[in-house]
Every structure is written in structure tokens, then in C-alpha cells.
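Written out below as C-alpha cells is the structure these notes cover.
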Amino acid sequence: MVFNHQNILLISFLLTITTTLTYVKASEESNIISRFQQYLQTRTDHPTPNYTQSTNFLTTQANSLSLQSQTIEFVSGKPLILLKWTGTNSNLPSIMLYSHTDVVPAEHDKWDHHPFEAHVDDEGRIYARGSQDMKCVGMQYLEAVRNLKGWDFQPKRTVYLVFAPDEEVGGHDGAEKFSLSKVFQELNVGVVLDEGLASPDEHYRAFYGERSPWWLVIKAVGAPGHGSKLYDNSAMENLWKSIENIQRYRASQFDLIKAGLKADGDVVSINMAFLKAGTPSPTGFVMNLQPSEAEAGFDIRVPPTADTKSLERRIAEEWAPTSRNMSFTFKEKISVHDASGKPVFTKTDSSNPWWALLKNAVEEAGGKIRKPEVFPASTDGRFFRNLGLPTIGFSPMANTPILLHDHNEYLHKSEYLKGIKIYESIIKAYASFDEHGRDARSKDEL
Ligand SMILES: [Zn+2]
């Protein structure tokens, strides 16, 4: 190229444009991150979540996006925020983008940065309680909608954004009451997106079901006796035998994970939560006495695909058999089946178009997604799956250690921004899908 006057002018013009574009992009990015920080700074941590703060923030966001908003309290002081982006074809079932606003508590002194400051370190990590679970997702939905609106995208299906309280304490005053309400019925929801988990590698994870908690307490009784005497059928001996038996079962399930044959959510997990036995004395326990009662509690998590009949038999016949003077109760036992007796999970085969749409949309936005899994713990998603609604757990966080409920929970800025692109792609695909989205469900019922 000859450096004549014209070329120099052209080069400086192009440089100015590039610099301006870079500048605009950088300031746009910093606005996006700053909105995320503001949401992270709302003190919605248990045991006393300040829902007024989060509600004010979210309704301000909704107004700035011209979304219709409604705040509903199924239980006083526990608001659920429902935002609506009206589609052009109201006959089609709607899309529900679900998230919870509350977070678990954080022990401030165990964190490198204050858990509610949303500090961004030099590497770009955003530290905050809720950065992974799940204020990221709630805010990414909003940012994706902001961009789609900016491009004049028109949804065919109505898109609802739901911000619910109390997930971290069981969801009974939030998602459960909402899912059973008339308000919910009238939304004519066709598919629900809820939370997933971070993934340490480059693949996103998606969840089509979750394990149900069974909190089992087993109790043994037996004749008391002197601590020096060997005799059969003491309460402690009976309980001990059960614990050994349970331990063997636990190891067999864990081995499947260790061998890479099953994922965490696909096995029955069992962990001892408490042991209660012994005769108290002023200095601890009486040591020369074998007590007449002994109890142990276990947190069991059962995948929807498990053979629950055989597990129940195992509990009755091996872990707490009456032949060894034992009995059992459940402190909690959530069924893995719905009202009609079918296991509660969302199909990910060709009968469910929403799964294929999600997978393609993620790939189109440059993401990779792993084979769908069972969520190892509980989420609010179960309330919607129980109604027979396709519900997919998905939080787009790749290359990220799983830090939900942990100290120093963080999400990298670049992963957060990438997640917004992923949701733009998903919302576009979902809201444009004009076949009747409940096909999967009605086929099932035939
Ligand atoms: Zn969560």
C-alpha cells in the first residue's frame, strides 16, 4: 500500500471506528457485569432473606425492559416476581424461565472477598454467594431478553420469567404453592427451564430429573446388660449389624461412580446423619452399661429410575428387620413417582422436542453439552415435573469448579457473558417453536 494522503485518512478512520467499537463493547460489558453485581449484592441470604431488596431490583429491571411485571405473595413476605414478554401467538403454550432469588448463608470470615460485595478480582472472577446458585441464571435470562428485544426479535410464544423465594428452604412457600395455583394454570406453560450445576470441563451439564430424599431413621431395642457381658440381641449389636449392612450397600453404589459406570445422580446415595445411643453420665456416657435402645439416621437419595420396591424391601428385611427387634420411620420420603405412578423425569428422546431444541440452540451458540443427567440433590424443578411438564435443569457454567453452597463461590466474567449468548439462542429457539409443545405429554397419556 502506498502511503498517500487518502490511504492515511482511510486508516485513521478505520482505527477510530475500531477504537470506538472496542470502547462501546467494553462499556456495554461493564454495564452487564455491574447489573449482575447489583443483584448479587441484594441480601437474600437465609435465615432472614431481604426480599424487598431483590424485588425492587428485579421490578426496576423489568420496567427498563418494558416487561409486564407482577409481584405475588402466596405467603406474606415471600414475593414471587412474574415477568411477561407477550408472544404473537397466545394459543401456543408458553415458555417459563425459572429461577430462585434466595441464597444460602455465607460465613464471611472464611471468604477471600466479602460474599455480598460481588468483588471482581484481577482474573475476572466474580465472588459472591449466589454467583453460581443461581442469581447468575436469573440475570442471564434478563440480559438475553434485553438483547433479543434490542434486535427486535418477536417471540411467537409468550415468555415468562419467574423469580421465586425460598428454594433453599424447600420451596414450599414459593415454587410449590405457585405450581399448584390458579395463576400458574393460566400461564399455560409448555416447558420449564430451572437450575443445573457448574461443570469443571468445557461441556455444559443439563438435568432431566432429580433424586428424591428419603430420610430414614432406624431404631434397635434389646435387653440392657452389664458392659462386660457377651450376649446376643443387644440394641447396640442389632444396630451395628445394620450399619455394617448399609455400609456395604453404600460402597457398592459408590463403586459404580468410582468405576465411571454411573454419574452421581444415577446411584442411590446413603450417608449417616446421626447416631443416638448410650446412657448419659455427668462426665459423658456410662461405660459399663449396654443400653436398651439405639438409633441411627440416614440421608438417602433415590434416583427416579431406581427400583424402589427392592430398596424398600432391603430396608425392611436387612436394615431394620423385626427379627432383630428393629423398626424404622421416615422423617421425609419424597416419592420418585407422580400421582399416576410413573417415575418423575423429563424425557430426552425424540418424544420431547424441547430437549433437541435446547441441545441445538446451545451448540449453535458455540457451547457443548453433555449427556443429560439426574440432579444429585433437590431443586424447585420437581414441582413442575410432578405436573407432567417438561423441565430441564440448566445453568450455563463451563470451565467452572462446582462451588454452590461453598466458601468463595464465584463465576468468571467470561463464562457469565457466554451464558447470556447461550440463553439468547435458547429463548429464540423456544419462543419461535410453533408446533404444539405438549405433544410429548399427550403422547405419553395415550
Ligand atoms: Zn439453587
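The residue list 34, 27 contains one member that is closer than 24 Å to residue 195 by Cβ, surrounded by fewer than 16 Cβ atoms within 10 Å (Cβ to Cβ) and free of Cβ contacts under 8 Å to residues at least 40 places away in the same chain, which is 34.
Summed over segment 175-193, residues that are in a loop (DSSP other than H, G, I, E, B) and either more than 16 Å from residue 388 (Cβ to Cβ) or within 15 Å of the ligand (Cβ to nearest atom) (or both) total 1. Among the residues of segment 381-408, those that are touching a helix residue (DSSP H, G or I) at 6+ places or on another chain (Cβ under 8 Å) and either within 16 Å of the ligand (Cβ to nearest atom) or part of a strand (DSSP E or B) (or both) comprise 383, 384, 391, 392, 393, 394, 395, 396, 397, 400.
Name the residue that is farthest from residue 384 (Cα to Cα), counting only residues in segment 111-136 that are within 16 Å of the ligand (Cβ to nearest atom) and out of contact with any Pro (no Cβ under 8 Å at 6 or more places or on another chain). So the residue we want is 115. Checked against (1) more than 16 Å from the ligand (Cβ to nearest atom); (2) assigned by TED's automatic domain parsing to the domain that holds residue 319; (3) surrounded by 16 or more Cβ atoms within 10 Å (Cβ to Cβ); (4) not aromatic (Phe, Trp, Tyr), residue 224 passes all but condition (3). Being crowded, with 22+ Cβ neighbours inside 10 Å, more than 30 Å from residue 62 (Cα to Cα) and assigned by TED's automatic domain parsing to the domain that holds residue 323: is that true of residue 238 here? So residue 238 passes the test. No other residue among 378, 414 is more than 16 Å from the ligand (Cβ to nearest atom), polar (S, T, N, Q) and either at pLDDT below 95 or part of a helix (DSSP H, G or I) (or both) apart from 414.
Looking at 115, 79, just one residue is out of contact with any Ser or Thr (no Cβ under 8 Å at 6 or more places or on another chain) and either among the aliphatic types (A, V, I, L, M) or surrounded by 14 or more Cβ atoms within 10 Å (Cβ to Cβ) (or both), and that residue is 115. Looking across segment 145-174 at every residue that is among the hydrophobic types (A, V, I, L, M, F, W, C) and buried (at least 24 other Cβ atoms within 10 Å of the Cβ), the one that is nearest to the ligand (Cβ to nearest atom) is identified as 164. Take the residues of segment 194-220 that are of a type in the set (A, V, I, L, M, F, W, C) and more than 30 Å from residue 240 (Cβ to Cβ): which is nearest to the ligand (Cβ to nearest atom)? So, considering only residues that are of a type in the set (A, V, I, L, M, F, W, C) and more than 30 Å from residue 240 (Cβ to Cβ), the one nearest to the ligand (Cβ to nearest atom) is 197.
Yes or no: residue 72 within 20 Å of the chain's Cα centre (by Cα) and in a strand (DSSP E or B)? Even if it seems obvious, please write down each step before you answer.
On the way: within 20 Å of the chain's Cα centre (by Cα): no; in a strand (DSSP E or B): yes.
Criteria not met by residue 72.
Between 146, 157, 211, the distinction of being under 18 Å from the mean Cα position of the chain (by Cα) and of a type in the set (Lys, Arg) belongs to 211 only.
When segment 176-219 is filtered for residues that are touching a strand residue (DSSP E or B) at 6+ places or on another chain (Cβ under 9 Å), closer than 24 Å to residue 308 by Cβ and among the small types (Gly, Ala, Ser), the ones remaining, listed by number, are 209, 212.
The values are calculated or read from the model by the stated rules, or taken from the named source; none is laboratory data. As the structure is a computational prediction, the values presented were derived from the model and not from experiment. Every residue, glycine as well, gets a Cβ built from its backbone with ideal geometry; the counts of neighbours run over all protein chains shown.
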